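Working notes for the structure below.
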Amino acid sequence: MSAPATAVEVPEQRAALPEDSPAEQEVVLAEESERGSLEIHPAVLRKLVQRIVDDCPDTVRTRGRLGGEHGATARISGDAREMDIAVELALRYPSPVREAVESLRTKLVDEMGRITGHRVRAVDVTVSALLPENRPAKVE
C-alpha cells in the first residue's frame, strides 16, 4: 500500500531583476551597417516574382508543349539593391489588358519592396496569350 499524499505549500518564487537588466532598458538596435548582410539569390527573387504574378486574379496558367501547365516566367537583372524584372504571362480573356498589366506592375513593385527591401526600377511585361474565361484558371 502507498502512503497518503501530503499537501505541501510552496511559496511563490520570482526572479530578481537587476536594475540595469534588459527588461528595464530601452532596446537600441545596432546601426544598419553593423547588423550584418542579407543576400537573396537571384533564383529566389525570380520565383518570388513568378508567385506574385501567378497570384494575380487576371493571370492564368498555360498548357506547355508536353501537356503540363505552367504559370508566368520571369527574368531578374540588376544589382544587389535595384532590379529590373521581365515577365511573360497569359491573361484571362476578356480582362482589360492595360489595366491588368498596370495593376500587376504596381503589385510587383510594392510586394518586392516589402518582402525583400529591393527597389524595382522597371517591369517589362509580355502578354503571351489571352485565354477564355471558361478555362480553369489555376491548377492547385
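Here are the numbers:
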read-out: Matching residues, the stretch 57-76, being within 15 Å of R105 (Cα to Cα) and not hydrophobic (A, V, I, L, M, F, W, C); value: P57, D58, T59, T73, R75
read-out: Criterion: in contact with a Lys or Arg (Cβ under 9 Å, 6 or more places away or on another chain) and farther than 15 Å from D124 by Cβ - qualifying residue of R61, R51, R35, R46; value: R61
read-out: Looking only at the stretch 53-65, and only at residues there that are in a strand (DSSP E or B) and in contact (Cβ under 8 Å) with a residue 12 or more places away in the chain, the one that is farthest from the chain's Cα centre (by Cα); value: T62
read-out: Identity of the residue in the stretch 89-110, over 19 Å from the mean Cα position of the chain (by Cα) and among the charged types (D, E, K, R), that ends up surrounded by the fewest Cβ atoms within 10 Å (Cβ to Cβ); value: R98
read-out: Single match in A74, A80 (criterion: out of contact with any Leu (no Cβ under 7 Å at 6 or more places or on another chain), surrounded by 12 or more Cβ atoms within 10 Å (Cβ to Cβ) and either under 30 Å from L38 (Cβ atoms) or not small (G, A, S) (or both)); value: A74
read-out: Entirely in the stretch 66-140, the strands (runs of 3 or more DSSP E) that have 1 or more residues that are modelled with pLDDT under 90; value: 119-132
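The values are calculated or read from the model by the stated rules, or taken from the named source; none is laboratory data. Note that the structure is predicted; figures quoted are calculated from it, not measured. Cβ coordinates were reconstructed from backbone atoms using ideal geometry, including for glycine residues, and neighbour counts include every protein chain displayed.
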